[in-house]
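Here is the structure we will look at.
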């Protein structure tokens, strides 16, 4: 039991990214039907194969039912009350950053993602996505020298249609699930990455997703392809303004790693979470999956999930290639009335495949935090191994934590190891740290970062520091 | 005894202190004054309120002060947060030091040392300078450097935990240290190390309160005063020979004092 009164005294830090950019936008009418999809495709000047892909997905979606198996409770989403395309008005063709609306550049500046030549981050290439469109991608020429393609997926559709046609929907088929089907039908923008054979990407690549308008959904689509013996580290960040309505975000991310290739995908998700009464916030329904197609390929997911009113997300690995490796490192923090149902799937198909799952769930306030994971060993996955560790930390006595580990093994010659624990920050621990002169809030954040250490160690350096700060910020005033 | 003339001002004054937890009275009017350079021993049966007294002085949130005052360096500290008390120089050595998984001992020691240094307007130490300081202090408790890279108290033996407490005391350089059964669970060698550590850290400016059941710690550190507690009160105060008498006659002997009062 942690002292309630002490906690209520602590003032909650407001969400720093809650501002709205006042900019003229081009929005299409609300609702979803074949004509809307044709309109989106037409606006993006897409080839026929992509329009067909969208329409097929839409037909499937119409026959599907919204899943209800997750430990989440929320008001039914009215899919006809959402705008599926919203873009800031700007010139038809932008050839350089100078032509981008300064308001947009300013927005990303405020978010700590400067895009202009003078100010841009020196060690990371950034693709900045604002509502339905990509605004700018930095360091493109530099990357092109190494043969690396990093651009918005809309551009990739125009300039690298062969790669899109070959790989889009091969990891997450349109019929995979309700939200993936919806995304496949209406996706607007996102990032595309192609790392050629033998290339180690010279810098980290990053996408920053910003939702600005309150009534339109964001449906981004990301595709990363790592050819033989290549490697890349990709970072993703997300924020949104504070609205008292819920905004739908349904993304699909597909990763493909060929022989000896490695992809590291890190996310810091800080969408607006709603207020302390649970009003507003992003509904985050995301399908992320990587395919370890090649021998000895490796896909590693690390995520720090702190935002969104609802999180439904299971970054997964399909381990096809012999000796391929899948990893999932996750910190999910929920506070107030947030709900998260998140975890991973490790599907071992090839022999001698290996996967590691480390999940840390922290629930504070009245929130609900569930880990849901599947480890499957197929008939050919001889000599494969999985290690899972799922720990939950409860802060206060109103929060709840669940763990749902599913294990399916069709291969006796494989090993699956699962460990789980639940702990609570005790008054005695807090008192011990305080009695050594450490402030109450710092004591809590020390314990939380200690709890998350195994995961933070997996994040790229700048991200780890940011994640640490973010958790401390999110927990301010939550201990009760 | 407490009224004896002393040259300087007291460090700690507990005045007629009553306290309860969940409306259950635990302390029933305790008074105790500690002057610089003094060593006080508090003895008594389990459940007599010794540990509670130490926790209340350190500011544990589970207890409510229902009457009386705690003064530190002349200021009333009844309503100060535990961290404020610690920063200003009150140290509590825990009977059962708490394990904190994932938090490195080194980082914990550095953050707490800096909190105290900040209060004293001393420069905060970076990791390198702190490393130097902590090395020196490790000597006092004969601890291995490897302790620092482990999580706070996690997987430490009973003796290691107690030595870690004394290490913290050495780093924080408190004005008054209350050591709650620091001797329990220690073998003879560890007891000597801990006792000599306490002696090295304390000086003519510090006050020490030793809470103990046993004479053996008091053989190593001779107290100026011995207080016997029973049912939330100090029922007898004497000099160091009181502890010997208590050892000989047992706590049953003290029951008579209550009848007398």
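The values are calculated or read from the model by the stated rules, or taken from the named source; none is laboratory data. Not measured: the values here are computed from a predicted model. Note: ideal-geometry Cβ built from the backbone for every residue, glycine included; neighbour counts use all protein chains shown.
Conditions (1) within 9 Å of another protein chain (Cβ to nearest Cβ); (2) touching a strand residue (DSSP E or B) at 6+ places or on another chain (Cβ under 9 Å); (3) farther than 25 Å from residue B:181 by Cα, marked per residue:
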| residue | (1), (2), (3) |
| --- | --- |
| B:91 | yes, yes, no |
| B:100 | yes, yes, no |
| B:117 | no, no, yes |
| B:127 | no, no, yes |
| B:144 | no, no, no |
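Within the stretch A:353-364, the set of residues being more than 20 Å from the chain's Cα centre (by Cα) and under 18 Å from residue A:451 (Cα atoms) comprises just one member, A:364.
Note on the stretch B:42-143: enclosed helices (runs of 4 or more DSSP H) holding 1 or more residues that are out of contact with any helix residue (DSSP H, G or I) (no Cβ under 9 Å at 6 or more places or on another chain) and in contact (Cβ under 8 Å) with a residue 24 or more places away in the chain are B:50-58.
Taken over the stretch B:146-155, the criterion of being surrounded by 11 or more Cβ atoms within 10 Å (Cβ to Cβ) and within 14 Å of another protein chain (Cβ to nearest Cβ) is satisfied by B:150, B:151, B:152, B:153, B:154. Against the condition away from chain A (no Cβ under 11 Å) and either buried (at least 21 other Cβ atoms within 10 Å of the Cβ) or more than 20 Å from residue B:160 (Cα to Cα) (or both), how does residue B:79 come out, does it pass? Yes; evaluated as a whole, the condition is true for this residue. Looking at the stretch B:166-173, is at least one residue part of a loop (DSSP other than H, G, I, E, B) and at pLDDT 90 or above? Within the stretch B:166-173, one or more residues are part of a loop (DSSP other than H, G, I, E, B) and at pLDDT 90 or above. Residue A:273 passes every criterion in (1) crowded, with 23+ Cβ neighbours inside 10 Å; (2) modelled with pLDDT of 95 or more apart from (2).
Would you point out the residue of the stretch A:63-98, among those that are loosely packed, with under 12 Cβ neighbours inside 10 Å and outside any loop (DSSP other than H, G, I, E, B), that is modelled with the lowest pLDDT?
My answer is A:98.
Got at least one residue in the stretch A:439-450 being under 21 Å from the mean Cα position of the chain (by Cα) and surrounded by 15 or more Cβ atoms within 10 Å (Cβ to Cβ)? Yes.
Among the criteria (1) within 14 Å of another protein chain (Cβ to nearest Cβ); (2) part of a strand (DSSP E or B); (3) closer than 30 Å to residue A:291 by Cβ, the one residue A:342 does not fulfil is (1). Tell me which residues, restricted to the stretch A:290-312, are modelled with pLDDT of 95 or more, crowded, with 24+ Cβ neighbours inside 10 Å and part of a strand (DSSP E or B). Within the stretch A:290-312, A:290, A:291, A:292, A:298, A:299, A:301 meet the criteria.
Just give me the residues in the stretch A:3-41 being out of contact with any helix residue (DSSP H, G or I) (no Cβ under 8 Å at 6 or more places or on another chain) and either part of a helix (DSSP H, G or I) or modelled with pLDDT of 90 or more (or both), in sequence order. Listed by number, the residues that qualify are A:4, A:5, A:7, A:8, A:9, A:33, A:35, A:39. Here the stretch B:219-261 is the region considered, the condition is being without any contact (Cβ under 8 Å) to a residue 60 or more places away in the chain and outside any helix (DSSP H, G or I), and the residue that is farthest from residue B:51 (Cα to Cα) is B:261.
The residue that is modelled with the lowest pLDDT, among those in the stretch A:447-470 that are closer than 23 Å to residue A:273 by Cβ and within 13 Å of chain B (Cβ to nearest Cβ), is A:468.
Evaluated against (1) at the interface with chain A (Cβ under 10 Å from one of its Cβ atoms); (2) under 30 Å from residue B:244 (Cβ atoms); (3) out of contact with any strand residue (DSSP E or B) (no Cβ under 8 Å at 6 or more places or on another chain), residue B:84 falls short on exactly one condition, (2). Within the set A:286, A:325, A:358, the sole residue that is touching a strand residue (DSSP E or B) at 6+ places or on another chain (Cβ under 9 Å) and closer than 25 Å to residue A:74 by Cβ turns out to be A:286.
Tell me, which residue of the stretch A:153-202 that is in a strand (DSSP E or B) and under 17 Å from the mean Cα position of the chain (by Cα) is modelled with the lowest pLDDT? The residue in question is A:191. Scanning the stretch A:425-439 for residues that are in contact with a helix residue (DSSP H, G or I) (Cβ under 6 Å, 6 or more places away or on another chain) and either under 23 Å from residue A:470 (Cβ atoms) or more than 8 Å from every other protein chain (Cβ to nearest Cβ) (or both) yields A:425, A:430, A:433, A:438, A:439.
Residue B:70 meets the conditions (1) within 14 Å of chain A (Cβ to nearest Cβ); (2) at pLDDT 95 or above; (3) more than 27 Å from residue B:252 (Cβ to Cβ) in every case but one. The failed one is (1).
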